[in-house]
Amino acid sequence: MQTQQAGMSLRWLLTASFINNVAYGFIWPLTSIYLHDQLYQTLVVIGWVMMANAIGQAVGSLVSGRLFDRFEPRKLMQFGTLMMIVINLLFIFFHGWPSYAVILTLAGFFGGWNTATINSYGTYVRSHDGRFVFNMLYFISNFGMVFATAAVGPIYNFGITWLFWLALVMYLVLMAIVQFTFKIKVERTQQTEQKQTLRLPKWNVRLIYTGVIGLGVLWISYSQWQGNLSIYMSSILKLPVWQYSMLWTINGILIAIIQLGMNALNLSANRKSMFIQIYAGLIMFGLAFMILPFAKTFTGFAIAMVVTTIGEATAFPMIPALVNELSPIELKGRYQGMTAAAPSVGRAVGPLIGGAVIEQSGYGTMFYGGAGVVFIAFIGVAIMIMTGYRHATQYE
């Protein structure tokens, strides 16, 4: 069992999350374009590479989440950061084919490791409500990722090696922050029997897995933006790469406005608002995919991105917050690891499924199919929450 004597500083946790996501954002956003245009790989091969990266993230998240409940959290974060430093050094010298794909898989594993550890630290912030903490974690992590994604377009023109150098510098900064600020005091007592017999109420388990599966489905659709859509815009519609990068700038600005607005209105303290955000997020993701078949210019993609971002900013942070409320302190690392793994699973199968559908039936089929899958997920999630939440045990 873990009992915390001093809570984690939200300020330093958010700083670490921002730097971690900026660093990782220099590595993967242009993976599809780099593999397609520079290493001359097909969409199916690109899908397999991104799947390997995402599976690495999922496994890393699950392993880190399990270890968080058993070992000193700071050492886990230090180890993950050190490995990302080593990985970026490898990227600098070995970024041809197939070494790039192999190293990218390792980067996925330790990227997932760090993300799950940071999310698990979020359960130990005592100065704010859990929903506020995960709102802010999601906002700051996405702000860091979007900041990096908006920058990689111009930097990429000078060579991909510069992106790896920048990521290396950011991970060195992250290591220093972890060393000096991630010093929460945790006591552990060996209660093996209690660990083995600890079971969640059945509705807690059902709702947690519903949230995790719903998050994975959302990321299957979202991964199309990060993979196949970049190729669609640059290679099929012949739109410049900077326009694709600009979409993520819009994404980041809109996330900031929505998240800061929700925090200013204190919506995170309202449990009913949490459910509304989850439902609305699923619906908006589906609507965005209904817009994409008609998008042929930057304006059309920008409108679809705005709709997607509204769904993202409302639903994504609330699912880990829901899982946090439904899990006891002894198991928070395990279940936050699952919520961190769900996006990786979505990223794993999303590009592969999307690439296969596109090559067989075209982009239009992929867009409409994505909308259908999201709407089915919305129905399932809504039924489970409305049926089971009142029967579940809340731990926060």
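Each residue of the stretch 89-96 was assigned a 3J(HN,Hα) from its phi angle through the Karplus curve 6.51 cos²θ - 1.76 cosθ + 1.60 (θ = phi - 60°); the sequence is 5, 5, 4, 4, 9, 9, 10, x Hz, with glycine and proline shown as x.
Backbone geometry of the stretch 238-244 corresponds, through the Karplus equation with coefficients 6.51, -1.76 and 1.60 at θ = phi - 60°, to 3J(HN,Hα) couplings of 6, 7, x, 4, 5, 5, 5 Hz, x marking Gly and Pro. Multiplying the residue separation of I329 and K272 by 0.36 nm and removing their Cα-Cα distance gives an extension gain of 18.2 nm. Protection proxy ranking, highest mean first, for peptides 313-326, 121-134: 313-326, 121-134, where packing is the per-residue count of other beta-carbon atoms within 10 Å, averaged. For the chain, the C-alpha radius of gyration sits at 0.94 times the compact-globule guess of 2.2 N^0.38 Å, with N the residue count. Taken about its Cα centre, the stretch 283-372 carries a charge dipole of about 80 debye when Lys and Arg each add +1 at the Cβ and Asp and Glu each add -1 at the Cβ. Mean residue ellipticity, 222 nm, helices only, the chain: the sum of -39500 (n - 2.57) across DSSP H runs of n ≥ 4, divided by residue count and rounded to 500, is -26000 deg cm²/dmol.
Spatially, the stretch 7-60 and the stretch 113-159 are offset by 13 Å when compared through their Cα centroids.
If R0 equals 22 Å, the separation of the Cβ atoms of I376 and V205 corresponds to a calculated FRET efficiency of about 0.50.
How would you classify the stretch 297-361 from its alpha-carbon gyration tensor, with a ≥ b ≥ c the square roots of the eigenvalues: rounded for a/c under 1.5, else prolate if a/b is greater than b/c, otherwise oblate?
Details: a/c = 4.97, a/b = 1.67, b/c = 2.97.
It comes out oblate by the Cα gyration axes.
Positive-end ranking of A107, L82, V63 along the dipole of the chain, with charges on Cβ about the Cα centre, is headed by V63. Counted over the stretch 237-366 with a bin width of 5 Å, the fraction of Cα pairs per bin, in whole percents, is 2, 9, 14, 18, 21, 16, 10, 6, 3, 1, 0. Rounded, prolate or oblate for the stretch 244-310? Axes are the square roots of the Cα gyration tensor eigenvalues, ordered a ≥ b ≥ c, and the cut-off for rounded is a/c under 1.5. Because a/c hits 1.5 or more and a/b fails to exceed b/c, the stretch 244-310 counts as oblate. Along the positive direction of the dipole of the stretch 262-396 (beta-carbon charges: Lys, Arg +1; Asp, Glu -1; about the Cα centre), which of A280, V373, M386 reaches farthest? About the Cα centre, the residue reaching furthest to the positive side is M386.
The stretch between R11 and E359, if pulled fully straight at 0.36 nm per residue, gains 120.7 nm over its current Cα-Cα span. Equivalent ellipsoid of the stretch 1-91: semi-axes from √(5λ) of the C-alpha gyration tensor, largest first, are 32, 15, 11 Å. Modelled spin labels at L172 and I155, positioned 7 Å past Cα toward Cβ, are 1.4 nm from each other. Here's the list of lysines a cross-link from K202 could span, going by alpha-carbon distance under 21 Å and ignoring same-chain residues fewer than 8 apart: K332.
Selection among Y244, A116, G355 by position relative to the dipole of the chain gives A116 as farthest towards the positive end (Cβ unit charges, Cα centre). For the chain, a simple Cβ point-charge model (Lys and Arg +1, Asp and Glu -1, everything else neutral) yields a dipole of about 760 debye relative to the Cα centre. The slack in the chain from Q394 to K296, taken as 0.36 nm per residue of separation less the alpha-carbon distance, amounts to 30.6 nm.
Just so you know, all these numbers are worked out from the coordinates, no wet-lab data involved. Since we're looking at a predicted model, the values are computed, not measured. Here Cβ is always computed from backbone atoms with ideal geometry, including for glycine, and neighbour counts include all displayed protein chains.
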